[in-house]
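What follows is a set of notes on a single structure, which appears directly below.
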């Protein structure tokens, strides 16, 4: 079995989410969209693979916005088509933050500016704790999605929807993959300035993240387990279907 993580920038490793897929026997492939040398000029061109060659796709977070066509349209438009093709091919998607917004936009919803940003550790109101528990989950976003037609919303905060299921796919607005080292990487690549401009203390956020790291890793593992069992697992994965045919 194969899972493809779409990493939109060089500062976002797959973390405990990737480790949990490996635990379940998946070969983890990574596609880096914007390399470090193009971080300040992200209008790169990317050839996305055939989604049907993978059992699961995981589009991850991004410092850019799905709707910023002038800045990242060279690859975000192909990525939306990539996600549409995955849905049409019955390939499950676990969309994380930007990846969840991109999945919504690809399937007829939208990614739009949120009324406020959410940065830090938040509890979510969940109607499906058997899939998405209440947290706390790490958030860093100023955009949100309008869920696509046919989606079922699973969790919310006062600012935005936090999770939806559509077909065999799950989108989450938060970052289950985050570790203290990931956060430090974000801070070193513009995140500290962002926090300062929003009146947040970076050292305090790192300390809180270090304190919650152990329990957050376990929640990330449970989220992957439940996604695979209760969402993606509604139909046998590609490899299983191939062997049975």
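The values are calculated or read from the model by the stated rules, or taken from the named source; none is laboratory data. None of the values given here were measured: they were computed from a predicted structure. So basically every Cβ, Gly included, is an ideal-geometry build from the backbone, and we count neighbours across all protein chains shown.
Restrict the check to segment 38-49 and report whether at least one residue is within 18 Å of the chain's Cα centre (by Cα), over 22 Å from residue 173 (Cα atoms) and modelled with pLDDT of 95 or more. Checking segment 38-49: at least one residue is within 18 Å of the chain's Cα centre (by Cα), over 22 Å from residue 173 (Cα atoms) and modelled with pLDDT of 95 or more.
If you check 70, 116, 105 for being within 15 Å of the chain's Cα centre (by Cα) and either farther than 16 Å from residue 9 by Cα or surrounded by fewer than 16 Cβ atoms within 10 Å (Cβ to Cβ) (or both), only one passes: 105.
Among the candidates 175, 198, single out the residue that is within 17 Å of the chain's Cα centre (by Cα) and touching a residue at least 12 places away in the same chain (Cβ under 8 Å). Criteria check complete, one pass: 175. Being at negative phi, surrounded by 24 or more Cβ atoms within 10 Å (Cβ to Cβ) and in contact with a strand residue (DSSP E or B) (Cβ under 9 Å, 6 or more places away or on another chain) is a description that does not apply to residue 166. Among the numbered criteria (1) farther than 27 Å from residue 194 by Cα; (2) modelled with pLDDT of 95 or more; (3) in contact with a helix residue (DSSP H, G or I) (Cβ under 7 Å, 6 or more places away or on another chain), which one does residue 1 miss? For residue 1, the exception is condition (2).
So that you can scan it fast, the table gives a plain yes or no per residue for (1) under 27 Å from residue 139 (Cβ atoms); (2) surrounded by 13 or more Cβ atoms within 10 Å (Cβ to Cβ):
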residue	(1), (2)
20	yes, yes
25	no, no
46	yes, yes
51	no, yes
62	yes, yes
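Within segment 178-195, the residues that satisfy the criterion of being touching a helix residue (DSSP H, G or I) at 6+ places or on another chain (Cβ under 7 Å), more than 15 Å from residue 61 (Cβ to Cβ) and in contact (Cβ under 8 Å) with a residue 24 or more places away in the chain are 180, 195. For segment 120-141, the tally of residues that are in a strand (DSSP E or B), out of contact with any helix residue (DSSP H, G or I) (no Cβ under 7 Å at 6 or more places or on another chain) and surrounded by fewer than 17 Cβ atoms within 10 Å (Cβ to Cβ) stands at 1. Counting the residues of segment 142-163 that are in a loop (DSSP other than H, G, I, E, B) and surrounded by fewer than 16 Cβ atoms within 10 Å (Cβ to Cβ) gives 3.
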